[in-house]
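See below for the structure under consideration.
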Ligand code: GRF
C-alpha cells in the first residue's frame, strides 16, 4: 500500500507541485497524494492537482458558523480520502486544538522563517527589519501553539544587501521545495515521529532547530 498524503492549501501551491514532482520522479517512493483540499475555490493549487489527476475538494470556511464546525468538516473530508500524513502547504487557516490533537504526530507545516524566529505572518519583512544576515524555512510538527511545534528540518539562505521581500520569498520557496518532500519521505520510510513532544528521526531526538539541510 502506498503511503498516503492529503495536502491542504489556500493558494498557489508551489509546494504541492514539488510533492507532485517528487512522487512522479519517485524521489518520494511508494507515496501518493490521495487528495488536495482547499478552503478557497480559486486556489491555483487546485488546478495543479487536477492537472496531475489528483482528487480535489474545496471546503469554504465562510460557509461555517465557527472554526470548530469548519475543522470538523475538514477532518471528515481528510479521513474520507485517507491520510497517513496531513501536509499543510500554504493553508491559511488557524486550526482548532481538537483538530490538531486528532492528527498530532501526522500533521506537518512549512513556515518561511528559521523558527522559532518569526512565527506568524510577514516573516521576510521582519527578517529584513531586524537586519538579519540569514533566513530560511522550517518544516515542523503542528501542535496547538501557532508555528510552535518541534522543527523537523530547516534550510537557510543568506540575506544579501539589496534583498527585498520578493527576492527572499523566491529563494526561500526554492529551498522549501526540497526540504518539504524530504521530510515526507522520512515519514513514509517510518523514520520520523513525534515522541514526548520531540521530533525523533532514526531513534534520535532532533536538535531544537531540526535537521539543518546541507545540499550536497
Ligand atoms: C510558503 O511560503 C510556505 O512557507 C507558507 O505558505 C507559502 C505557500 O506557498 N506556509 P505555495 O502556495 O506552496 O507556493
| query | Are there any pairs, at least 6 apart or on different chains, whose C-beta atoms fall under 6 Å, with the first in segment 107-121 and touching a residue at least 24 places away in the same chain (Cβ under 8 Å) and the second in a loop (DSSP other than H, G, I, E, B) and more than 10 Å from the ligand (Cβ to nearest atom), and if so, which? | reply | 107/142; 109/142; 119/146
| request: Out of 153, 157, 179, report the one residue that is outside any loop (DSSP other than H, G, I, E, B), touching a helix residue (DSSP H, G or I) at 6+ places or on another chain (Cβ under 8 Å), closer than 24 Å to residue 13 by Cβ and in contact (Cβ under 8 Å) with a residue 60 or more places away in the chain. | output: 153
| said: Please pick out the residue among 73, 137, 65 that is more than 16 Å from the ligand (Cβ to nearest atom) and either on the phi > 0 side of the Ramachandran plot or not in a helix (DSSP H, G or I) (or both). | reply: 65
| message | Return the residues of segment 182-216 that are in contact with a helix residue (DSSP H, G or I) (Cβ under 9 Å, 6 or more places away or on another chain), surrounded by 15 or more Cβ atoms within 10 Å (Cβ to Cβ) and farther than 20 Å from residue 148 by Cα; say none if nothing qualifies. | response | 182, 185
| field | Residues located in segment 160-176, provided they are crowded, with 18+ Cβ neighbours inside 10 Å, touching a helix residue (DSSP H, G or I) at 6+ places or on another chain (Cβ under 8 Å) and closer than 28 Å to residue 103 by Cα | value | 172, 176
| query | Here are 107, 146, 121: which of them is at pLDDT 95 or above and surrounded by 13 or more Cβ atoms within 10 Å (Cβ to Cβ)? | reply | 107
| Top-ranked residue of segment 1-52 - restricted to ones that are near the ligand (Cβ under 9 Å from one of its atoms) and farther than 22 Å from residue 142 by Cα, ranked as surrounded by the fewest Cβ atoms within 10 Å (Cβ to Cβ) | 44
| message | Against the conditions (1) closer than 21 Å to residue 147 by Cβ; (2) surrounded by 16 or more Cβ atoms within 10 Å (Cβ to Cβ), where does residue 57 fall short? Just the number, please. | response | (1)
| query | When segment 182-208 is examined, which residues are found to be under 18 Å from the mean Cα position of the chain (by Cα) and in a strand (DSSP E or B)? | reply | 192, 193, 194, 198, 199, 200, 201
| Conditions (1) surrounded by fewer than 21 Cβ atoms within 10 Å (Cβ to Cβ); (2) in a strand (DSSP E or B); number of the one not met by residue 87 | (1)
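The values are calculated or read from the model by the stated rules, or taken from the named source; none is laboratory data. No experiment lies behind these values; they were computed from the predicted model shown. All Cβ positions, even for glycine, are placed from backbone atoms using ideal geometry, and neighbour counts span all protein chains on display.
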